[in-house]
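The values are calculated or read from the model by the stated rules, or taken from the named source; none is laboratory data. This structure is a prediction, so every number in the text was calculated from the model and none was measured. Every residue, glycine among them, receives a Cβ derived from its backbone with ideal geometry; neighbour counts consider all protein chains shown.
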Amino acid sequence: MLNKVVQMARHTVAVFFSKETPLYVKIILGSGLLYVISPYDLIPEWVPVVGILDDVALAVLLITWALGFNAPED
């Protein structure tokens with residue numbers, strides 16, 4: 001299972017750095033990453049469970065969305 005998650009994350013990075021990826025996709029992926037690592041959230045981290053859950057949910061949605069795009073082969 002961990003191998004699958006790592007593979008999906010690598011695919012997302014490859015999509016982000018691909019020259020064929022449209023600019024809007026890169027902007028959305030980059031913005032999502034900034035939101036996840038930012039200390040300013042819609043739901044603060046100190047709120048039990050839900051504070052972290054919004055970051056995890058966004059990361060999962062972005063990775064799943066990026067899987068729909070083709071990445072260049074390594």
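Quick notes on this structure:
- When residues of the stretch 16-74 are limited to those that are loosely packed, with under 11 Cβ neighbours inside 10 Å and acidic (Asp, Glu), the one farthest from Lys4 (Cα to Cα): Glu20
- Cβ-Cβ distances below 8 Å connect the following pairs, each with a first residue in the stretch 8-19 that is within 12 Å of Asn70 (Cβ to Cβ), a second residue that is at pLDDT 90 or above and polar (S, T, N, Q), and a separation of six or more residues or different chains: Val15/Thr21.
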